[in-house]
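Each remark here refers to the structure printed beneath this line.
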Amino acid sequence: MTDSDDHGTRPRGGRPRASSRRTLEDAASELFLEQGYAGTTIDQIAHRAGVGRNTFFNYFASKSDLLWLDADETIAALPTIIEETPAALAPSEGLEHVLVALAARHPHGAVPIALSQREPMATSDEFFSAGLSRYLAVSRELAGFVAASAGAGADPTLIRAAANAATASAATAAGGWALAGVERGDLAAEVARAVAPVCRGFAPVLDAP
């Protein structure tokens, strides 16, 4: 199947022509539920969505990206949140503020399908495996933010340690929130509860003049 399918006759068994991220996500969700994550191919997802294989790659680099769709949209707001963070905050306070503000941007009902349907789809392992690159990217960006606000005298190793620890705490809180089902509370509050002790613990080394 090629991208010419997007402009011609709809593939037999596929949907009407469409090429949005959400259409591909819906098609993937159906297939993951029907035959499991491992048993579903990119070609099958594209066919079910009514688009060509190349169109899939216009939106996603790999099949596992579909598992992170909602989370990726929130993570993409990180540079904006960093830019909007008040400069008057101490480095440790700024780190805490950024992560809580990022959590506040995430829609309450937007739980990644890999977690909400993890048992029938058998997606838990793949979700967490694909999450490593996202964790590292967030931690790296936070470390750069803290380094800029802490000044030249701050210890780079401790800055990276603080960014890693805070990112891990936020991810742990977000994971627990997602798995709580309909009883889940406020994501920002959960993240604040998890990252506050970490950020305050690093305050003596990050905020020192």
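The values are calculated or read from the model by the stated rules, or taken from the named source; none is laboratory data. Computed from a predicted model, the values in this text were never measured in an experiment. Glycine also receives a Cβ, built like all others from the backbone with ideal geometry; neighbour counts cover every protein chain displayed.
Beta carbons closer than 6 Å, at least 6 apart along the sequence or on distinct chains, never pair a first residue in the stretch 89-112 that is in contact (Cβ under 8 Å) with a residue 40 or more places away in the chain and outside any helix (DSSP H, G or I) with a second that is among the β-branched types (Val, Ile, Thr) and surrounded by 24 or more Cβ atoms within 10 Å (Cβ to Cβ). Between residues in the stretch 160-181 that are under 15 Å from Pro112 (Cα atoms) and residues that are of a type in the set (D, E, K, R) and surrounded by 18 or more Cβ atoms within 10 Å (Cβ to Cβ), which pairs lie under 7 Å by C-beta distance while being six or more apart or on different chains? Qualifying pairs under 7 Å: Ala173/Glu190; Gly176/Glu190; Trp177/Glu190.
Only one entry of Ala122, Ala130 meets the criterion of being modelled with pLDDT under 95, aliphatic (A, V, I, L, M) and within 23 Å of Val182 (Cβ to Cβ), and that entry is Ala122.
Mind telling me which of the residues Glu83, Glu93 ends up being crowded, with 17+ Cβ neighbours inside 10 Å and modelled with pLDDT of 95 or more?
Working: Glu83 fails: crowded, with 17+ Cβ neighbours inside 10 Å.
Within the list Glu83, Glu93, the selection yields Glu93.
When the residues of the stretch 38-87 are filtered to those that are within 15 Å of the chain's Cα centre (by Cα) and of a type in the set (S, T, N, Q), which remaining residue is nearest to Ser124 (Cα to Cα)? By that ranking, first place goes to Ser64.
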